[in-house]
Amino acid sequence: MPSEGGMATPMETDEAEVGIGIKQPPRTSKTDDEGKPPKVKLVDKGKAPIGETRGTPWVEKYRPKTLDDVAAHRDIIDTIGRLTSENRLPHLLLYGPPGTGKTSTILAVARQLYGPSQYQNMTLELNASDDRGIDVVRNLIQDFASTQRFNFGGKNNTKLVILDEADAMTKDAQFSLRRIIEKYTRNTRFCLICNYVSKIIPALQSRCTRFRFAPLAPVDVTLRLRHIVQEERLNVTDDGLRAIVRLGNGDMRKALNILQLRVYSRSSPSGAMFLGVNMARFILA
């Protein structure tokens, strides 16, 4: 992509050759003198709540809150958004590589359906790789699906069950889930999220509308990273940004983790921080 920043100084050019060059804001406190990055007060622009805690993963801090905020896959997002607004949301099967927006999409749908006040009451979110046995399906999921819940102040009383990493569920659990979907389809919608659709039994696939999330294009990852760099008030060289996008390889989560890891790693005496590409590959292997 064409450079949006200014020309790098000679010092910045040398540093970019070593690794990914990122500069923090000037040190202004006693804490800064001890070598820790300063806390920066950020402006909330209607996205996720922006705090000052260093340990907050940026993957969660900047997770899209609405469908309009989801990067890329506009054809899929527009289709799901239309079905949601028309109250015709089917059972969904979202599949594709990690970090491509599957979970962010369905969470944005849930917020649009129920609003922030009733989101927790009307949604059951499980990571099927942890809760993947038949007992979880028979007990936890069936109990939620069979219980009448009311979306006070909202028009939609249909509940939503989100099963992340559903391809890790046992075959018995998947067959049991199929029967629950059939039984409670009047008042509950199910969304299965997975990396490998081939590991989902055909009986479940046939009951869902399938959407494939391909790896994100470099331009989409770059735009999102530039937004976060601006929100965090960082100075990232164009070469550094391109290196992060290249390492992310279409995985937004991976690219964000690289950027955050870079920012919170030990800074050099000059205040600039560096992480070589080989070191990043080692950490993420």
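One residue is enough: does the range 80-90 have a residue meeting the conditions buried (at least 20 other Cβ atoms within 10 Å of the Cβ), in contact (Cβ under 8 Å) with a residue 40 or more places away in the chain, under 14 Å from the mean Cα position of the chain (by Cα) and assigned by TED's automatic domain parsing to the domain that holds residue 170? Scanning the range 80-90, I find no residue that is buried (at least 20 other Cβ atoms within 10 Å of the Cβ), in contact (Cβ under 8 Å) with a residue 40 or more places away in the chain, under 14 Å from the mean Cα position of the chain (by Cα) and assigned by TED's automatic domain parsing to the domain that holds residue 170, so the answer is no.
For the range 198-214, filtered to residues that are among the small types (Gly, Ala, Ser) and within 21 Å of residue 251 (Cβ to Cβ), the residue that is farthest from the chain's Cα centre (by Cα) is 198. Any residue in the range 155-170 that is surrounded by 14 or more Cβ atoms within 10 Å (Cβ to Cβ) and at positive phi? Looking through the range 155-170, at least one residue is surrounded by 14 or more Cβ atoms within 10 Å (Cβ to Cβ) and at positive phi. Taking the residues in the range 223-244 that are buried (at least 21 other Cβ atoms within 10 Å of the Cβ) and among the β-branched types (Val, Ile, Thr) as candidates, determine which candidate is nearest to the chain's Cα centre (by Cα). Ranking the candidates gives 244 first. Scanning the range 201-240 for residues that are more than 22 Å from residue 73 (Cα to Cα), outside the structural domain of residue 177 (by TED's automatic domain parsing) and either assigned to a helix (DSSP H, G or I) or not acidic (Asp, Glu) (or both) yields a total of 11.
One residue alone among 208, 191 is closer than 19 Å to residue 69 by Cβ, touching a Cys at 6+ places or on another chain (Cβ under 9 Å) and not hydroxyl-bearing (Ser, Thr, Tyr), and that residue is 191. In the range 183-197, the residues that are assigned to a strand (DSSP E or B) form Cβ pairs under 6 Å with partners that are of a type in the set (Lys, Arg) and at pLDDT below 95, at six or more places apart or across chains, as follows: 188/159.
The values are calculated or read from the model by the stated rules, or taken from the named source; none is laboratory data. What you see is a predicted model, and the numbers here were worked out from it, not measured in a lab. Backbone-built Cβ (ideal geometry, glycine too); neighbour counts: all protein chains shown.
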